[in-house]
Ligand code: TXA
Ligand code: MG
């Protein structure tokens, strides 16, 4: 199918409206995300939307209207809460789920007896609806599972050749999809938020003068089925909104969200980034502070798409506080990461892994005691060996190296008889820069010049007191950076 590329000129919107009237599909801008529109009252047109997106057919569409008066064509319900919300927020990023009149095809509602209705504020969207003279069913204009599109370029990336036209309008100002509220409780039961958005629970409660409730599934972090990427539904997780059952917004990269005090989170992310880059992985960092909730909402989906395009292997993101708009952004972010979350403590202790073979056992034990006494601020992880029985040094060198590179420790110390064998073994692990040192001066340079993340010492060649001084010097010396960084980068690429 050839996809027509249209502007927001009156003539082009007229063309788009004609396509909608004929049963075709048009991607168009709204203030939240781009929508893929079709005549909501034409079952065949709506079926084409499901096909073009690859969307499961039980996931209903939002029907977009151009004027508040259009609501009564689609539902018989009108409550006090609905009136208050329409007055305060429409046109705008809020969708109301209400009982559907028979005129609404059950394809549009995914087989439900309710319909989701919204009146967008974006000018092109409104003109398109008015000119077509029809309610327009429009899910987000992405392939099912992809991040929602917030620019026309995103629509082109997903839908060229699959839809009749794409209107090249402005970038979306809100950036996350509308707040979906279940109004079917009428005047008796309070409205229920099914999908959080920029219109927050606080705002809705303020408008209607009573507490709005949250669908309990919004507070759950479901397990993810590894094969399909979908959340596992069951006792613990059975969302009211069908769309919440499916894999969403998933970037190609592995994504982890770090949650905790912002400064501590940023430190952990930087540290993790360095380690992953040392392994040759492409890392992208997505962080916003709690004062940047709206920016985060506007940019988040676009950032995910950039990561897909630039070949990012790993995304490291910081969590926003789950309040207000932050709650809505985190709803998307958690899904993107498949609920892969790491909690960061306020003062995460620096972690040092230590390991030895039998020849280095005595010295390792002494270093462990020394660090425990002199450096209670450090967490020491003893990886063995735990006796003087003969063992193979490569096993322990590798174990310590991998512990550091995986991020289970920040630094490592390895000991064998001379320190030689175990340092060679540790250096076989990509990302390890292990330095065998025999003096305080070398310990200093190992850090300043080589940013050694593992220190090797010889149990039979170095006295404990000397070893402590070397460890001390290595721990406290800063990496020089500059030309040294260029060189350690070369090392890490090898
Ligand atoms: O901001 C938006 O809402 C965008 C723009 C294009 O308007 N549209 C959008 O549509 O996000 P979509 O299809 O990607 O998401 C619609 C959500 C889904 O989670 C769906 O399950 C839910 O609304 N929904 C639709 N009708 C429903 C109904 N009758 N009952 C419960 N949930 C419904
Ligand atoms: Mg969507």
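The values are calculated or read from the model by the stated rules, or taken from the named source; none is laboratory data. The model shown is predicted, which means the values in this text are computed figures rather than measured ones. Backbone-built Cβ (ideal geometry, glycine too); neighbour counts: all protein chains shown.
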- Query: Being closer than 20 Å to residue 112 by Cα, in contact with a helix residue (DSSP H, G or I) (Cβ under 9 Å, 6 or more places away or on another chain) and away from ligand 2 (no atom under 16 Å from the Cβ), is that true of even one residue in segment 51-66?
  - Reply: yes
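Give the number of residues within segment 116-144 that are part of a loop (DSSP other than H, G, I, E, B) and more than 11 Å from ligand 1 (Cβ to nearest atom). Before the answer, list the steps.
Residues of segment 116-144 part of a loop (DSSP other than H, G, I, E, B): 119-122, 133-135, 138-139, 141-144.
Within this subset, residues satisfying the condition of being more than 11 Å from ligand 1 (Cβ to nearest atom) are 133-135, 143.
The number of residues fulfilling the criteria is 4.
Do we have residue 107 as farther than 26 Å from residue 187 by Cα, assigned by TED's automatic domain parsing to the domain that holds residue 59, within 16 Å of ligand 2 (Cβ to nearest atom) and at pLDDT 95 or above here?
no
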- Name every residue in segment 95-111 that is in contact (Cβ under 8 Å) with a residue 60 or more places away in the chain and near ligand 1 (Cβ under 9 Å from one of its atoms), in order of residue number. 95, 97, 98, 108, 110
- Task: Kindly indicate whether any position in segment 123-136 is within 13 Å of ligand 2 (Cβ to nearest atom) and assigned by TED's automatic domain parsing to the domain that holds residue 92.
- Result: no
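Among 48, 55, 80, which is touching a strand residue (DSSP E or B) at 6+ places or on another chain (Cβ under 7 Å), more than 19 Å from residue 131 (Cα to Cα) and either at pLDDT 95 or above or crowded, with 17+ Cβ neighbours inside 10 Å (or both)?
Values: 55 fails: touching a strand residue (DSSP E or B) at 6+ places or on another chain (Cβ under 7 Å); 80 fails: touching a strand residue (DSSP E or B) at 6+ places or on another chain (Cβ under 7 Å).
None of the other options fit; the residue is 48.
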- Of the residues in segment 147-173, those that are touching a residue at least 24 places away in the same chain (Cβ under 8 Å), within 23 Å of residue 333 (Cβ to Cβ) and buried (at least 23 other Cβ atoms within 10 Å of the Cβ) come to 147, 148, 149, 150, 154, 155, 172
- Query: Do any residues in segment 29-40 that are under 13 Å from residue 176 (Cβ atoms) have Cβ atoms under 9 Å from those of residues that are in a strand (DSSP E or B) and away from ligand 2 (no atom under 15 Å from the Cβ), where the two are at least six apart or on different chains, and which pairs are they?
  - Reply: 34/166; 34/167
- Message: Residues that are without any contact (Cβ under 8 Å) to a residue 60 or more places away in the chain, out of contact with any helix residue (DSSP H, G or I) (no Cβ under 7 Å at 6 or more places or on another chain), within 14 Å of ligand 1 (Cβ to nearest atom) and not in a loop (DSSP other than H, G, I, E, B): does segment 187-194 have at least one?
- Response: yes
- Message: Can you confirm whether residue 240 is farther than 21 Å from residue 91 by Cα, touching a residue at least 40 places away in the same chain (Cβ under 8 Å) and away from ligand 1 (no atom under 16 Å from the Cβ)?
- Response: no
- Task: Quick one: in segment 148-171, of everything that is within 21 Å of residue 118 (Cα to Cα) and assigned to a loop (DSSP other than H, G, I, E, B), which residue is nearest to ligand 1 (Cβ to nearest atom)?
- Result: 148
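Quick check on this structure: which one of 98, 115 is away from ligand 2 (no atom under 16 Å from the Cβ) and surrounded by fewer than 24 Cβ atoms within 10 Å (Cβ to Cβ)?
On the way: 115 fails: surrounded by fewer than 24 Cβ atoms within 10 Å (Cβ to Cβ).
The match here is 98.
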- Complete set of residues in segment 258-308 that are surrounded by fewer than 18 Cβ atoms within 10 Å (Cβ to Cβ) and assigned to a loop (DSSP other than H, G, I, E, B): 260, 261, 279, 280, 281, 282, 287, 289
- Can you name the residue in segment 10-25 that is within 16 Å of residue 66 (Cα to Cα) and touching a strand residue (DSSP E or B) at 6+ places or on another chain (Cβ under 8 Å) and, of all such residues, is surrounded by the fewest Cβ atoms within 10 Å (Cβ to Cβ)? 21
- Any chance you could count how many residues in segment 450-464 are crowded, with 17+ Cβ neighbours inside 10 Å and touching a residue at least 24 places away in the same chain (Cβ under 8 Å)? 10
- Item | Residues located in segment 195-229, provided they are part of a helix (DSSP H, G or I) and within 16 Å of residue 96 (Cβ to Cβ) | 201, 203, 204, 205, 207, 208
